[in-house]
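Visitor: Below are the structure tokens for one structure; questions will follow.
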């Protein structure tokens, strides 16, 4: 399952990872910046996502980013999370240097004139309106995050806490965020395809080697105090039915307990044969749908149980049913057959995702951001070796009333 790669560091701090794949004539160029909404401050939220939009504008030597890439048969996209911003391109291996030119130019010389800023401000505000304000349940995470997190920047969604924050960005705010975070010493470059490691490293030195590192460190991140009491919020809106979110605090990625929490949600909520589907959805009258998952965040995050209620059922009744279900799980534990089934599903998914070059490249970037690319395989091996007792020990430690945060998103329709 392990695939080859080389890892290098330029003098300016840029981490360069090369994954040769002689079977792929299409190259993947992935540049991960170690900046997400966790690197923002209250009142100036959403800047990381805002920059995802700004970066597709123009830079000093590139009038239109997409057009320059399309000319050489390439395409691109990006995404922002609470922890990172990730930019990726696919293009013919023969035109790989174009990706180095384009990406290095916007790392060093992004055009941040007032017209560009204002155009993207309108785009992001419209996205906020359409996806979060005008969609049924669209603001659920705007309600849940500040309830679950008191101090940590995870308390606002990636798009920002409020349109007011986006409306209030000054040119100084935008430039300051760019200079502090968009620099080679805050980035990881991964290139995959039928490429020569020597040639890729040469191109990295040519196009990125002269870019200076950020002169100031990234801002420190407020740490979340331990949660010692249940938190609950009721919200009424003109939605079809109630929905319920019940979350529990859990360790961050790479920390003890993270993999156990991940397996807990896999055991309880993965697929149509899961206990949540069989017992709560199909076998009960309260839930129309339900699931379990984790945020997968770098810092301590959330283990989440959520579901939509059947018409006429209140979220309080559904929570009582969920609590009964969770208590039964804590009492009975998990049998070895179920655990092995979930592990087999995980192995199948990992094998399937490794088929595509872009997935391999992105995973090398994600795990390098955690500390080392080899963590990709080490994490899987650790997860595969966990016993039922280890999982249940963490289940008892995490699924406690005093660690819970509950959002009742209730319908005003009768």
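Visitor: Would you call residue 8 touching a helix residue (DSSP H, G or I) at 6+ places or on another chain (Cβ under 8 Å), buried (at least 23 other Cβ atoms within 10 Å of the Cβ) and under 19 Å from residue 365 (Cβ atoms)?
Guide: In short, no.
Visitor: In the set 206, 202, which member is assigned to a helix (DSSP H, G or I), touching a residue at least 60 places away in the same chain (Cβ under 8 Å) and out of contact with any helix residue (DSSP H, G or I) (no Cβ under 6 Å at 6 or more places or on another chain)?
Guide: Answer to the selection: 206.
Visitor: The conditions are (1) surrounded by 20 or more Cβ atoms within 10 Å (Cβ to Cβ); (2) under 30 Å from residue 194 (Cβ atoms); (3) at pLDDT below 95, and residue 57 fails exactly one of them. Which is it?
Guide: Residue 57 satisfies every listed condition except (2).
Visitor: Can you name every residue in the stretch 28-52 that is assigned to a strand (DSSP E or B) and more than 14 Å from the chain's Cα centre (by Cα)?
Guide: The answer is 28, 29, 30, 31.
Visitor: Oh, and also: Considering only the stretch 276-294, state which residues are outside any helix (DSSP H, G or I) and touching a residue at least 12 places away in the same chain (Cβ under 8 Å).
Guide: 284, 285, 286, 287, 288, 289, 290, 291, 292, 293, 294
Visitor: Another question, then. Can you find a residue that is surrounded by 13 or more Cβ atoms within 10 Å (Cβ to Cβ) and in contact with a strand residue (DSSP E or B) (Cβ under 6 Å, 6 or more places away or on another chain) anywhere in the stretch 164-175?
Guide: no
The values are calculated or read from the model by the stated rules, or taken from the named source; none is laboratory data. From a predicted model like this one, the values you see are computed outputs, not experimental measurements. Here the Cβ is made from the backbone with ideal geometry for all residues, glycine too, and neighbour counts use every protein chain on show.
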